[in-house]
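The values are calculated or read from the model by the stated rules, or taken from the named source; none is laboratory data. Remember, predicted model here, so these are calculated numbers, not experimental data. All Cβ positions, glycine included, derive from the backbone under ideal geometry; neighbour counts span all protein chains shown.
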């Protein structure tokens, strides 16, 4: 199957090595532990495996079976056919990390173009070659900021309107650092869009203020006053951004963000039950040498021809060992390629069209939902992109179950993470939701009210 | 020939994939938030397809040839894996769907947790870590939390053999541990005397790669584990080299407490040009409660008529969440497919053929290249890429010259304890013909080193670009290309 050895090959090889049988090569393994039994099912042929996996996959109901309003960090978008077609070229996906530039120019140039597109999209100077996902990219931003002040500023302010999973991952990454204080996302500071309570906590101890754009509730908030306040105290500002939104919205780099990170999944990467996705990470030039992860730079070869290489590697774990700021090695190579192809294929026109479809469909849906008796938009005075909060008179789990019975995944129950938002639902609407889908949703919601 | 960048290929007004216009009443975006400048590339669909196809042709890849890349396990990535991972039943599921709608996914994850634990001899596993390095991070988090829970706050030191993987020191440092380098003895094993001296009540544990990066199974494995355990430390196994041990040895049986696999090495998921990886972590019984969130469990056992129900549960003393959602699910589908097709015998066959191939290459090459540790190897071995009679020729030159013979170079200059190291891992999926061609190339290069050393010094000669000026890249710091006019604005 996956080993090509004939009986004759094995005999010839054993003779060359000078042992009688293959087992002899394992004599160094303690005898009592050698060749244990593995309690695994009988092996399947490829055909049987295909059938078995198909039957497992069929035990799921997917976003194609439902009309799905789930977002909260992962978004259903149309992926043009060319993206996966190109991704399936063996020259890309069976290649190793491009440590040997002479035979890796394809991967290197694609990453260089990814870095360029992310820089443009975010309005930043430099992007790295990716992190595992948006959450770990956010955690790496905290590490960067903390190291930037050599531990002299130990306070990190997180907005409560950052994805709760991201905040949990940040705390997980920093769990061994007793000096660092991660605050600002408590219920008292709250989620008011004026950010006053958060801004009031910025002081000379603060190394980083992190906000999300659009925030976890989909709201588009003016972060200029916050960024000015942070900079006045010498603190850095990191913005967790949604890349689709940035095709329409002023990029964080233009309003003064020092670091922009985010989840690249919306850029042509399938939902795939949460991964593999892609964390993007971009900074201003002043922080360039503090960035973790791989960076591709432009240079020339011995003939003077343009070439791309992994560069500034002395920052990384394999060289700097325990002094490296991060242990990241493998990143999301193939996912950056998917995002690069997606962004290039859509280009200026298609990308803005997608973002506008999200914006328009979401606003149509939000208006339609709030017209149904028993449903309100608690944040309706704040602009939003493609996600919005709905306050229901109903018990949310029951409402979601009712919608599910009618073929709708209604959204994300915010009460789980935000006690103050008990009864609230986070709904996402992308270009994949048609006007008819929304009209059907409001029909079903109306029935709930009348039931 | 150089392929232009996407910005050079762009022409104003051209479109690739476009979308329909909205069919709903329009809402204006508030002007104060509206983006003014969006200079993204404008290329036709064919233009984009040709661009990326041409880029692909500038890569070396497993599908094109042999990758004897030590400690990277560049084995064949079965095509069926790519197919199953894309089944819409998997690929179109949202990570926050209600558990009752994703029983297939949860069954697959639960089963894979158990298979991976069984293969390594452990009690349980987490599939959350995104890559090997994140698996190490999770493992060290578990070690840290375990000691903390036991009030053992003095335990701040982690021992790392000098033959360990490069990520180990950085991973332990991220958890605030002091990584202490542990020397190897003259046979390439952990130096037991040095180990005993470093073991005291400040020891948190050891990160033990076995087989190590010399490709050697530590002859004192049981002894190393006993000494660390007696000092109250935990043993972390770096499972990056598990390809040698599938069905041969269960590290958990021998007392390893926690270990990660790299699914993109041992379990055939593709390297993708540098990721995505996947680094599940297995633990022994006493560490099960520390596994990260989320963990898949049976929520209702079912009976003869109804299958069990699966769901997520946060382990009691969990180290928490290390990444959003549930790990690299797409990679899990691939690894599941692979293990399902192999079973016990297939897995053991993998390890046997991987070790057979490595020993065959070692036997053929050791006369021409210096083999510093004269032992039977496991799945890989390390040669010196250096000869005293031609001191100007280095491992790097040999590596680059191999490209001209259409081979990917071995890992070079690692492990650090071998002078001018060339670390060679053939994997089990290569045939004797391929191995022989590689041997011929290596022997030819050894001859060229004496007769035409400039052929090596200037290599490679036949690649899309020649040796790149890495100093210039680090000096110029050009990380982006921009549309005309945008760069000047900056």
Considering (1) facing chain A (nearest Cβ under 7 Å); (2) assigned to a helix (DSSP H, G or I), say which one residue B:25 fails and leave the rest.
(2)
List the helices (runs of 4 or more DSSP H) inside the range B:414-490, counting only whole elements, that have at least 1 residues being in contact (Cβ under 8 Å) with a residue 24 or more places away in the chain.
B:432-451, B:453-457, B:486-489
Among the residues of the range B:388-407, how many are in contact with a strand residue (DSSP E or B) (Cβ under 8 Å, 6 or more places away or on another chain) and under 19 Å from residue A:301 (Cα atoms)?
3
Of the numbered conditions (1) within 14 Å of chain A (Cβ to nearest Cβ); (2) over 15 Å from residue A:323 (Cα atoms); (3) surrounded by fewer than 23 Cβ atoms within 10 Å (Cβ to Cβ), residue B:188 satisfies every one except a single condition; which is it?
(3)
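Quick one: would you say residue A:95 is outside the structural domain of residue A:282 (by TED's automatic domain parsing) and in contact with a helix residue (DSSP H, G or I) (Cβ under 9 Å, 6 or more places away or on another chain)?
Against the criterion (outside the structural domain of residue A:282 (by TED's automatic domain parsing) and in contact with a helix residue (DSSP H, G or I) (Cβ under 9 Å, 6 or more places away or on another chain)), residue A:95 does not qualify.
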Does residue B:361 count as in contact (Cβ under 8 Å) with a residue 40 or more places away in the chain, buried (at least 24 other Cβ atoms within 10 Å of the Cβ) and touching a strand residue (DSSP E or B) at 6+ places or on another chain (Cβ under 8 Å)?
yes
Residue A:125 passes all but one of the listed conditions (1) touching a residue at least 12 places away in the same chain (Cβ under 8 Å); (2) buried (at least 24 other Cβ atoms within 10 Å of the Cβ); the exception is number (2)
Within the range A:296-317, the residues that are over 13 Å from residue A:101 (Cβ atoms) and at the interface with another protein chain (Cβ under 7 Å from one of its Cβ atoms) are A:303, A:312, A:317
Residue set B:426, B:409, B:464; condition closer than 22 Å to residue B:241 by Cα and facing another protein chain (nearest Cβ under 7 Å); output residue B:409
Can you tell me which residue among B:122, B:90 is buried (at least 24 other Cβ atoms within 10 Å of the Cβ) and in contact with a strand residue (DSSP E or B) (Cβ under 6 Å, 6 or more places away or on another chain)?
B:122
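A quick yes/no check of all residues on (1) more than 7 Å from every other protein chain (Cβ to nearest Cβ); (2) assigned to a helix (DSSP H, G or I); (3) in contact with a strand residue (DSSP E or B) (Cβ under 7 Å, 6 or more places away or on another chain); (4) at pLDDT 95 or above:
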| residue | (1), (2), (3), (4) |
| --- | --- |
| A:49 | no, yes, no, yes |
| A:107 | no, yes, yes, yes |
| A:116 | no, yes, no, yes |
| A:121 | yes, yes, no, yes |
| A:139 | yes, yes, no, yes |
Among (1) in a helix (DSSP H, G or I); (2) touching a helix residue (DSSP H, G or I) at 6+ places or on another chain (Cβ under 6 Å); (3) within 11 Å of another protein chain (Cβ to nearest Cβ), the one test that residue A:397 misses:
(2)
Can you find even one residue in the range A:296-305 that is buried (at least 24 other Cβ atoms within 10 Å of the Cβ), at positive phi and touching a residue at least 60 places away in the same chain (Cβ under 8 Å)?
no
What's the total number of residues in the range A:149-184 that are within 14 Å of residue A:206 (Cβ to Cβ) and within 24 Å of the chain's Cα centre (by Cα)?
7
Given the conditions (1) more than 7 Å from every other protein chain (Cβ to nearest Cβ); (2) at negative phi; (3) modelled with pLDDT of 95 or more, report the number of the one that residue A:320 does not fulfil.
(3)
I'd like to check something: does the range B:49-67 contain any residue that is in contact (Cβ under 8 Å) with a residue 40 or more places away in the chain, closer than 30 Å to residue A:306 by Cα, surrounded by fewer than 22 Cβ atoms within 10 Å (Cβ to Cβ) and more than 7 Å from every other protein chain (Cβ to nearest Cβ)?
yes
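Can you confirm whether the range A:55-67 contains a residue that is within 20 Å of residue B:430 (Cα to Cα) and surrounded by 14 or more Cβ atoms within 10 Å (Cβ to Cβ)?
Among the residues of the range A:55-67, not one is within 20 Å of residue B:430 (Cα to Cα) and surrounded by 14 or more Cβ atoms within 10 Å (Cβ to Cβ), which makes the answer no.
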I'd like to verify a number: residues in the range A:141-173 that are assigned to a loop (DSSP other than H, G, I, E, B) and over 22 Å from residue A:218 (Cα atoms), how many?
6
In the range A:51-83, what residues are in contact (Cβ under 8 Å) with a residue 60 or more places away in the chain and touching a strand residue (DSSP E or B) at 6+ places or on another chain (Cβ under 8 Å)?
A:63, A:66, A:67, A:68, A:69, A:70, A:71, A:72, A:73, A:74, A:75, A:76
Look through A:422, A:447 and report the one residue that is exposed (fewer than 13 other Cβ atoms within 10 Å of the Cβ) and more than 30 Å from residue B:19 (Cβ to Cβ).
A:447
Could you grab me the full set of residues in the range A:88-98 that are surrounded by fewer than 20 Cβ atoms within 10 Å (Cβ to Cβ) and either more than 7 Å from chain B (Cβ to nearest Cβ) or in a helix (DSSP H, G or I) (or both)?
A:90
Hey, could you check the range B:359-391 for residues that are more than 9 Å from every other protein chain (Cβ to nearest Cβ) and in a helix (DSSP H, G or I) and say which is farthest from residue A:17 (Cα to Cα)?
B:365
What tally of residues in the range A:193-236 results from selecting those that are more than 14 Å from chain B (Cβ to nearest Cβ) and within 24 Å of residue A:418 (Cα to Cα)?
15
Has the range B:96-111 got at least one residue that is buried (at least 21 other Cβ atoms within 10 Å of the Cβ), within 30 Å of residue B:357 (Cα to Cα), more than 7 Å from chain A (Cβ to nearest Cβ) and modelled with pLDDT of 95 or more?
no
Does residue A:13 fit the bill of being free of Cβ contacts under 8 Å to residues at least 40 places away in the same chain, more than 7 Å from every other protein chain (Cβ to nearest Cβ) and either buried (at least 17 other Cβ atoms within 10 Å of the Cβ) or not in a loop (DSSP other than H, G, I, E, B) (or both)?
no
Hits in the range B:8-18 - residues which are at the interface with chain A (Cβ under 7 Å from one of its Cβ atoms) and crowded, with 18+ Cβ neighbours inside 10 Å:
B:16, B:17
Tell me the helices (runs of 4 or more DSSP H) entirely within the range B:128-238 that contain at least 3 residues that are at pLDDT 95 or above.
B:132-149, B:192-198, B:221-230
Set B:474, B:449: member being buried (at least 21 other Cβ atoms within 10 Å of the Cβ) and either at pLDDT 95 or above or within 30 Å of residue A:115 (Cβ to Cβ) (or both)
B:449
